[in-house]
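Novice: Pasting a structure here, questions to come.
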Amino acid sequence: MQVIVTYKKPQVLQALRYHFITRREIRLMIILVNVFALVSAGLLYFHKITPLAFLISSFLWFSLMITFWWLLPATIYRKSATFKDRFKVSLEENHFCIEHPKGNKSWAWREFSQLIESPQFFHLYFDSRSFFLLPKDVFANSDELHEARILMKRKIVNDKK
C-alpha cells in the first residue's frame with residue numbers, strides 16, 4: 001500500500017502535544033505541579049502562606065502548561081524539515097519505506113518499538129524519543145485506513161514504555 005504524505009501544521013502540533021502528554025515522566029511532572037498548585041491554593045485560603053508564594057506556584061503551573069502545550073511542539077515543528085516535505089510512504093509486508101526526491105529509507109517492522117494511535121495520526125516509535133508520524137487522512141478511504149491499522153498492529157509489537 002502506498003500513500004502520499006503531506007502534513008498540516010495544526011494537526012502536527014496536536015500530535016506532538018499528544019506525544020508529550022503520553023510520556024510517563026511528563027505526565028508525572030504535570031500531576032505533581034497541579035497537586036502543588038492546589039495545595040498552595042488551599043494554604044493561601046487558610047492564610048498559611050503569603051499571596052507571593054501562591055503567585056509563584058501559579059507562575060510555575062502556567063509556565064509548565066505553556067511549555068508543553070505551545071513552545072515544545074512549535075519548536076519541534078519549526079526545526080523538523082520532515083513536516084514541510086511531501087513524500088511517498090509504502091506499507092509493505094516486511095518493511096516501512098519512505099521515498100523522497102532526495103532519497104529513500106526503509107525500515108524493517110522489527111525496528112519499531114511501539115505503535116500509538118491518536119485521533120489524527122499513527123505514531124510509529126523507534127524508541128521513547130524518536131518516532132514517525134503517519135497521518136490518517138492520507139489514506140483514500142476507511143477500508144485502506146483499517147487495512148493499514150491491522151498491518152501495523154500485527155507487525156509492531158509494543159514494548160513496555
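Novice: Quick one: what pairs do we get from segment 10-30, first residue assigned by TED's automatic domain parsing to the domain that holds P73, second of a type in the set (A, V, I, L, M), C-beta under 6 Å, 6+ apart or different chains?
Specialist: Taking only residues 6 or more apart or on different chains, the pairs are A15/L133; L16/I76; F20/I26.
Novice: Hey, could you check segment 13-47 for residues that are among the charged types (D, E, K, R) and surrounded by 11 or more Cβ atoms within 10 Å (Cβ to Cβ) and say which is farthest from R78 (Cα to Cα)?
Specialist: The qualifying residue farthest from R78 (Cα to Cα) is R27.
Novice: Something else now. Condition first: in contact (Cβ under 8 Å) with a residue 60 or more places away in the chain and under 14 Å from the mean Cα position of the chain (by Cα). Can you find one or more residues in segment 81-104 that meet it?
Specialist: Yes: segment 81-104 contains one or more residues that are in contact (Cβ under 8 Å) with a residue 60 or more places away in the chain and under 14 Å from the mean Cα position of the chain (by Cα).
For (1) part of a helix (DSSP H, G or I); (2) surrounded by 16 or more Cβ atoms within 10 Å (Cβ to Cβ); (3) over 20 Å from the mean Cα position of the chain (by Cα), each residue gets a yes or a no:
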| site | (1), (2), (3) |
| --- | --- |
| Q11 | yes, yes, no |
| L52 | yes, no, yes |
| S57 | yes, yes, yes |
| L71 | yes, no, no |
| I76 | yes, no, no |
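Novice: Out of A108, A53, A41, A37, I need the residue that is small (G, A, S), assigned by TED's automatic domain parsing to the domain that holds H146 and either over 26 Å from D143 (Cα atoms) or touching a His at 6+ places or on another chain (Cβ under 7 Å) (or both). Which one?
Specialist: On the way: A53 fails: assigned by TED's automatic domain parsing to the domain that holds H146; A41 fails: assigned by TED's automatic domain parsing to the domain that holds H146; A37 fails: assigned by TED's automatic domain parsing to the domain that holds H146.
None of the other options fit; the residue is A108.
The values are calculated or read from the model by the stated rules, or taken from the named source; none is laboratory data. Please read these numbers as outputs of a predicted model, since none were measured by experiment. Here Cβ is always computed from backbone atoms with ideal geometry, including for glycine, and neighbour counts include all displayed protein chains.
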